[in-house]
């Protein structure tokens, strides 16, 4: 085993002991194995750690560009490599961290596609009508009501436990990115949907998750995404409908109706206000469309 392969294995073990999320472990592991493969020509070993400098990392980045990877993917892979070299530096295995000197490619900032309030309500009403012979219609409606009514990430939705829900005060405790917790109110429609769903929840013993799969265990993010996509296709013929779209709609519609930007930041669990401010851009874009179509001098 080469020195680089050994240290990548050690680093991933450190991440696991630090209780990094399974998603982080999987993506970092994949990116670092690809980094190792690039520097391991057939029939030979990768260079010693001390010989992996700025020029070598830039050469690896150039290869990523040549394969036409998206900027977002390249940024993620570079973040994984930077994190590895930071670990190597802390361990005293390299004198300097060359990855710090490599510039991060700028990511495009596309505005999110946002469903209108009519589109969202039409979709949720269709789910509530229960005309599709689904096995768990009350669960499905509750999923939609909490995605839109609370602006949750799909990981936050499937991470909800029974003890996280205060049904009397209509609050939920949400565990967001970086294991940060916040409290979010939920709507009367979400409360009604939850009241219909919980009596027929059908959990396996000791399962505390709110949203369950057909086996009575915790629903996964992928499973929730499949449910949303299913209804998106069935109701609107749109396969692009995904859980995060309801989070965008939640923020945009709150802002359009006069909610304070900092309040929306708290509700969404954004660490930086600049992340929330993209919704003001969406609202301005919609406003300009209305202006262009309605003003006689536009």
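With helices as the sole contributors, the chain gives -17500 deg cm²/dmol at 222 nm; each DSSP H run of n ≥ 4 counts as -39500 (n - 2.57), and the sum is divided by every residue.
Most exposed first by the Cβ proxy, i.e. fewest other Cβ within 10 Å, how do 91, 163, 156 rank? Don't jump to the answer; show the numbers that get you there.
Values: 91 12, 163 9, 156 24.
By the 10 Å Cβ count, ascending: 163, 91, 156.
Helix 3-17 sits at what angle to the longest principal axis of the chain, using alpha carbons and giving 0 to 90 degrees rounded to 10? Its long axis makes an angle of about 30 degrees. In terms of its alpha-carbon gyration tensor, segment 123-275 comes out oblate; a/c meets the 1.5 threshold, while b/c is at least as large as a/b. Stretching residue 275 away from residue 104 to a fully extended chain increases their span by 59.7 nm, per 0.36 nm per residue minus the current alpha-carbon distance. Between the helical axis of 137-150 and the longest alpha-carbon principal axis of the chain there is an angle of about 70 degrees. Considering only Cα atoms, the convex hull volume of segment 232-274 works out to 85 Å³ per residue.
Based on Cα contacts under 8 Å between residues 6+ apart, segment 3-101 shows a relative contact order of 32 percent.
Taking all pairs of distinct Cα atoms, average 1/r, flip it, and tell me the Kirkwood hydrodynamic radius of segment 3-101 in Å to one decimal place.
After inverting the mean inverse Cα-Cα distance, the result is 13.9 Å.
Find the percent of Cα-Cα distances in the chain that exceed 33 Å, and round it to a whole number. The calculated P(r) of the chain puts 41 percent of pairs beyond 33 Å.
Taking Cα atoms only, the orientation of helix 278-294 departs from the longest principal axis of the chain by about 50 degrees. Summed over all non-identical Cα pairs, the Kirkwood treatment of segment 92-161 gives a radius of 16.3 Å.
The label point for residue 173 and the one for residue 30, both projected 7 Å from the Cα toward the Cβ, are 3.3 nm apart.
Oblate is the label for segment 110-201, because the ratio a/c of its alpha-carbon gyration tensor axes (a ≥ b ≥ c) is 1.5 or higher and a/b is not greater than b/c.
Starting with the fewest neighbours, write out 244, 253 ranked by other beta-carbon atoms found within 10 Å of each beta-carbon. Display every interim value, and only then the final one.
Working: 244 14, 253 19.
Ordered from fewest to most neighbouring Cβ atoms within 10 Å, 244, 253 come out as 244, 253.
For segment 197-286, the alpha carbon convex hull comes to 152 Å³ per residue, rounded to a whole number. A Förster radius of 25 Å combined with the Cβ-Cβ distance from residue 65 to residue 97 puts the calculated FRET efficiency at roughly 0.65.
Please order 220, 276 by the number of other Cβ within 10 Å, starting at the fewest. Kindly include the intermediate steps, with their values, before the conclusion.
Details: 220 14, 276 20.
In increasing order of surrounding Cβ atoms, one gets 220, 276.
For the pair segment 128-170 and segment 201-222, the centres of their Cα atoms are 12 angstrom apart. For residue 131 and residue 256, the FRET efficiency from 1/(1 + (r/R0)^6), where r spans their Cβ atoms and R0 equals 45 Å, is about 0.90.
Which value, to two decimals, describes the C-alpha radius of gyration of segment 141-193 once divided by 2.2 N^0.38 Å? Intermediate values should be presented prior to the final figure.
Numbers: Rg = 10.1 Å, N = 53, 2.2 N^0.38 = 9.9 Å.
Compared with the compact-globule rule of thumb, segment 141-193 sits at 1.02.
A short reminder: the numbers here are calculations on the coordinates, not readings from a lab. Model, not experiment: these values are computed from the prediction. Positions of Cβ are backbone-derived with ideal geometry, glycine not excepted, and every protein chain shown enters the neighbour counts.
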